[in-house]
1. Report which label in (1) 36, 17, 14; (2) 29, 23, 18; (3) 32, 16, 14 holds the value of semi-axes √(5λ) of the Cα gyration tensor in Å derived from the coordinates of this structure.
2. Where nothing but the Cβ of Lys and Arg (+1) and of Asp and Glu (-1) is charged, how large is the charge dipole of the chain around its Cα centre, in debye to the nearest 20?
3. Using the charge dipole of the range 106-180 (Lys, Arg: +1 at Cβ; Asp, Glu: -1 at Cβ; taken about the Cα centre), state which of GLN157, MET116, SER126 has its Cα farthest towards the positive end.
4. Pull up the cross-link candidates among the lysines for LYS129, meaning alpha carbon to alpha carbon under 19 Å and not fewer than 8 places away within one chain.
5. Could you work out how far helix 109-130 tilts from the main Cα principal axis of the chain, as a 0 to 90 degree angle to the nearest 10?
6. Which FRET efficiency value, to the nearest 0.05, do you get for GLU68 and LYS172 by plugging their Cβ-Cβ distance into 1/(1 + (r/R0)^6) with R0 = 25 Å?
7. For a quick protection proxy, order the peptides 3-10, 47-54, 95-102 by their average other-Cβ count within 10 Å, most packed first.
8. Give the relative contact order (percent, whole number) for the chain; include only Cα pairs under 8 Å separated by 6+ residues.
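Only the coordinates and a few stated rules stand behind these numbers; no lab work does. The structure presented is a predicted model; accordingly, all values stated were derived computationally and were not measured. Ideal geometry is used to build each Cβ from the backbone, glycine not excepted, and the neighbour counts take in all protein chains shown.
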Amino acid sequence: MTLPAAVEQLWNDLEASRAQVLREVDGVSQAQANWKPGEKDWSVGEIIDHLTIAEVATGKLTTKLTREAEAAGTLAPFPAELTSFPPFPEITGGGEAPAVVWPQAGKPIAELRATMKATRERSRGSIEKLATLDSTRLVFKHVRFGDLTLAQWWQLQARHDLLHLAQLRDVKAAPGFPKA
């Protein structure tokens, strides 16, 4: 499916950030995936699990909002004049992840990578759905950022990957990170 320019750029941002995350965990052993710098820190594996869980949640939100709008008769087509989405506001500082997106420790790293890749393939369907409708009418409250349009939820997903990419790099650079 050919995507409108705004959605194409969003998809490219999602793919670019995800590619960086996957490159960062390429070759990570199970011992490295499970290792934590501190008791309250997440491991590489937990970070990957968290990112995947968050993306699944955004996909489910896409389905929920579009079904509700369709049932209410408020679903509108993608605005032809829209060539780009407004940039997502800068995210500063960390925050506590809601329990619904907390990761599980100890999952096999190969499974985590495969699940992350499969999730992104399924997300393409959500992005194609986004390309057919006016996402400004589909709004859902984020616990930290308030009301976000559906496009902003997907922009947040790309930004979220980059935030955790920095966290992945910090974990791997921490003293005591296993050699293999």
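1. (3)
2. Dipole magnitude for the chain comes out near 380 debye.
3. MET116
4. LYS129 reaches LYS60, LYS64.
5. With rounding to tens, the tilt is 10 degrees.
6. That gives a FRET efficiency of 0.05.
7. Highest mean packing first, the order is 47-54, 3-10, 95-102.
8. Numbers: 186 pairs, mean separation 74.8, N = 180.
Computed over the chain, the figure is 42 percent.
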